[in-house]
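The values are calculated or read from the model by the stated rules, or taken from the named source; none is laboratory data. Predicted, not measured: the structure shown is a model, and the values here were computed from it. Reconstructed Cβ throughout: ideal geometry from the backbone, glycine too, with neighbour counts over all protein chains shown. For the accessible areas, the whole protein counts, side chains as well, though only heavy atoms, and no ligand, DNA or RNA atoms are used. Shrake-Rupley method; radii C 1.70, N 1.55, O 1.52, S 1.80 Å.
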Amino acid sequence: MNLQPTVLALITPLLVAVIPVAFAADTAGLIADCEACHGKNGASTDPMVPTIAGYSAYYLAESLLIYKEKARPCPQIKYLTGAKKGTSTTMCEAVAHLSEEQSNAIGEHYAEKPFVRAKQAFDPALAKIGSGLHELHCTKCHEDGGSSPDDDAGILAGQWTPFLDVQMTEYLEGKRPMDEKMKPKMEVLKPEDVKALLHFYASFQ
Ligand code: HEC
Ligand code: HEC
């Protein structure tokens, strides 16, 4: 009697069932680490930590790679919850061990979650000025007030503005590399323009 086909027939469905479960378990462990800072399902409750739910899978995976290569500033941050609560680290250290496959899987995971807009104060008059500036300089690449993940350029509408403020400063000071075509649009902004733009992004609630 030839056992092989029988064994294969038995084993194949087992493998098909076990491999995705093992992969999902692996991703779940990684996700728990992210959520100790980025909040449940990637919806941040800390103004210095961005919400990452609902971003495009591409932007997420690409961002993880950029931090892994330390090609963007990595401010010190303490774990907000979980077993490592209070331990100081950086985004670059948090992703140093991730493979490209894991980064892609994490990107796919958060792209499926809803982006939750931050509840934050804003000045309606400044938000109106910011809206005009956004239409003039930014909407080409950050559509609908920067609310579309399809731009692969993050989400600005409803993102925590203390976090966005840091990003704007890093771009303007040349510390975070930026899209070549975004540069001239950023460089014309006066400090009061940046402020108005942030009030505009905060007005999405
Ligand atoms: C210890 C806290 C901490 C952990 C753990 C952590 N992050 Fe972050 N993350 C941050 C902070 C703070 C920033 C903002 C850093 C900056 O100013 O560049 C950030 C930025 C990001 C960004 C950039 C968002 C944007 O709008 O450009 C992405 C994407 C991200 N994190 C994803 C993740 C993922 C996925 C994980 C898990 C593998 C993770 N983070 C783990 C704190 C953390
Ligand atoms: C030519 C396209 C383009 C224009 C115009 C543009 N951006 Fe961007 N922006 C991008 C891309 C692409 C990214 C993704 C990350 C990167 O390249 O740094 C980005 C990222 C950002 C980020 C970081 C988002 C995050 O989650 O980390 C901010 C903030 C931002 N842009 C603000 C602006 C503002 C404000 C304007 C208008 C004054 C503007 N951008 C105009 C293409 C553009």
Of the criteria (1) open to solvent by less than 60 Å² (accessible area, probe 1.4 Å); (2) more than 16 Å from ligand 1 (Cβ to nearest atom); (3) among the acidic types (Asp, Glu), which one residue 192 fails: (1)
If you check residue 104 against the conditions, is it more than 10 Å from ligand 1 (Cβ to nearest atom), polar (S, T, N, Q), closer than 24 Å to residue 158 by Cα and not in a loop (DSSP other than H, G, I, E, B)? no
What are the residues in region 147-178 that are surrounded by fewer than 18 Cβ atoms within 10 Å (Cβ to Cβ), more than 8 Å from ligand 2 (Cβ to nearest atom) and assigned to a loop (DSSP other than H, G, I, E, B), if any? 148, 173, 174, 175
Hey, residue 67 hits all of (1) closer than 17 Å to residue 178 by Cβ; (2) open to solvent by 50 Å² or more (accessible area, probe 1.4 Å) but one; which does it fall short on? (2)
Inspect all residues belonging to region 76-91 and state whether any of them is among the small types (Gly, Ala, Ser), closer than 18 Å to residue 166 by Cβ and under 16 Å from the mean Cα position of the chain (by Cα). no
So, residue 77, is that one assigned by TED's automatic domain parsing to the domain that holds residue 190 and either within 11 Å of ligand 2 (Cβ to nearest atom) or not in a loop (DSSP other than H, G, I, E, B) (or both) or not? no
Residue 83 fails exactly one of (1) surrounded by 12 or more Cβ atoms within 10 Å (Cβ to Cβ); (2) modelled with pLDDT under 95; (3) not β-branched (Val, Ile, Thr), namely (1)
Quick check on region 106-126. Is at least one of its residues modelled with pLDDT of 95 or more and within 8 Å of ligand 2 (Cβ to nearest atom)? no
Within region 129-143, restricting attention to residues that are in contact with a helix residue (DSSP H, G or I) (Cβ under 8 Å, 6 or more places away or on another chain) and either within 11 Å of residue 197 (Cα to Cα) or touching a residue at least 40 places away in the same chain (Cβ under 8 Å) (or both), which residue is most open to solvent (accessible area, probe 1.4 Å)? 129
Test for residue 181: is it more than 20 Å from the chain's Cα centre (by Cα) and part of a helix (DSSP H, G or I): no
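Across region 96-124, which residue is nearest to residue 201 (Cα to Cα) among those that are among the charged types (D, E, K, R) and under 14 Å from the mean Cα position of the chain (by Cα)?
117
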Could you please find all residues in region 92-114 being in contact (Cβ under 8 Å) with a residue 60 or more places away in the chain and surrounded by 15 or more Cβ atoms within 10 Å (Cβ to Cβ)? 94, 98, 102, 105, 106, 109, 110, 113
Any residue at all in region 27-40 that's in a loop (DSSP other than H, G, I, E, B), surrounded by 15 or more Cβ atoms within 10 Å (Cβ to Cβ) and modelled with pLDDT of 70 or more? yes
For the list (1) closer than 24 Å to residue 37 by Cα; (2) under 18 Å from the mean Cα position of the chain (by Cα); (3) not assigned by TED's automatic domain parsing to the domain that holds residue 27, I need the number of the one condition that residue 175 fails. (2)
